[in-house]
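J.: One structure, as structure tokens, below. Some questions next.
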């Protein structure tokens, strides 16, 4: 048996192959795990949390004081590091901070006793980014 191929048959096969490859990529993208948190938080909500819980030590614009400078720094840390720092008091260099409240144990000052969740932390990081670019 002989199969005759024409230019249009070859073109149809090429189109079909490209379509299958594209759909495979879409399938892989849909199967990829979602990030642990959204990179974009709500800066306005983050500002309230910052003013109520962080500003007295880190300054009005994250410039530092009793606490570490945050402007251009912590706002751009990997989320897991930022979360660990706020919740456990261990900084981006794996050092236990002496004066940092461990909000994961004590909860926030305002709202009193509320332990920060990922949304709170994403909002805080979003607000910190309004202080300026990464340094």
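J.: To make sure I understand, if each residue's beta carbon is the centre and we count other beta carbons within 10 Å, what order do 86, 51 fall in, fewest to most?
T.: Working: 86 24, 51 13.
So the residues, fewest neighbours to most, are 51, 86.
J.: Let me ask you something else. How much length would be gained if the chain were fully extended between residue 118 and residue 90, taking 0.36 nm per residue of separation minus their Cα-Cα distance, in nm to one decimal?
T.: Gain on stretching residue 118 to residue 90: 8.4 nm.
Coordinate-derived values only; no laboratory data. Computed from a predicted model, the values in this text were never measured in an experiment. Glycine also receives a Cβ, built like all others from the backbone with ideal geometry; neighbour counts cover every protein chain displayed.
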